1. Counting other C-beta atoms within 10 Å, which of 103, 110 has the fewest, and how do the rest follow?
2. What ranking, highest mean first, results for peptides 4-10, 48-54 when packing means the other Cβ atoms within 10 Å averaged over each residue?
3. How big is the dipole moment of the stretch 21-84 about its Cα centre under a simple scheme where the beta carbon of each Lys and Arg is +1, that of each Asp and Glu is -1, and everything else is neutral? Debye, nearest 20, please.
4. Measure off 7 Å from each Cα along the Cα-to-Cβ vector at residue 18 and residue 96, then give the distance between these two points in nanometres to one decimal.
5. Give the peptides 14-25, 79-90 in descending order of average Cβ contacts within 10 Å, highest first.
6. Using only the Cα atoms of the stretch 30-113, build the gyration tensor, take square roots of its eigenvalues as a ≥ b ≥ c, and label the shape rounded, prolate or oblate: rounded if a/c is under 1.5, else prolate if a/b is larger than b/c, else oblate.
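What follows draws every value from the coordinates through simple rules; no lab data is involved. Not measured: the values here are computed from a predicted model. A quick note on method: Cβ atoms are made from the backbone with ideal geometry, for glycine too, and the neighbour counts reach across all protein chains shown.
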Amino acid sequence: MKEADIILMPLPQADGIVKNRPALLLRELPPFGDFLACGISTRLHQAVPGFDEIISENDADFADSGLLTDSVVRLGFLAVLPRERIRGTIGQIAPARHSRLLVKLSKYLVAKL
């Protein structure tokens with residue numbers, strides 16, 4: 001597995017229930033190779049304009065994503081996932097989309113409050 005891969009992973013929801021959900025591997029972290037990942041949801045109304053990104057069936061990289069329907073990549077739903085708990089990938093996003101998401105997240109993290 002590598003950055004930009006989409007996986008299925010047990011992720012905690014806001015109500016504490018853990019469910020298998022798609023997640024995007026944003027960045028591999030040192031020193032153990034864990035991944036910073038963000039959740040992916042089919043609840044498009046949760047998309048934060050200018051921050052999250054929607055992957056739709058009309059996008060060039062949708063077929064490679066492994067997703068079944070239009071989905072939102074939720075940059076505000078982050079988790080660090082141990083490499084050994086990730087069993088495999090269902091797809092991947094395009095390098096350009098991956099870069100765009102990393103830039104959005106990093107700009108947000110360094111912005112003055």
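1. The most exposed by this proxy come first: 110, 103.
2. Taking the mean over residues of other Cβ atoms within 10 Å, the ranking is 4-10, 48-54.
3. 300
4. In this crude label model, residue 18 to residue 96 measures out at 3.8 nm.
5. The most tightly packed comes first, giving 14-25, 79-90.
6. oblate
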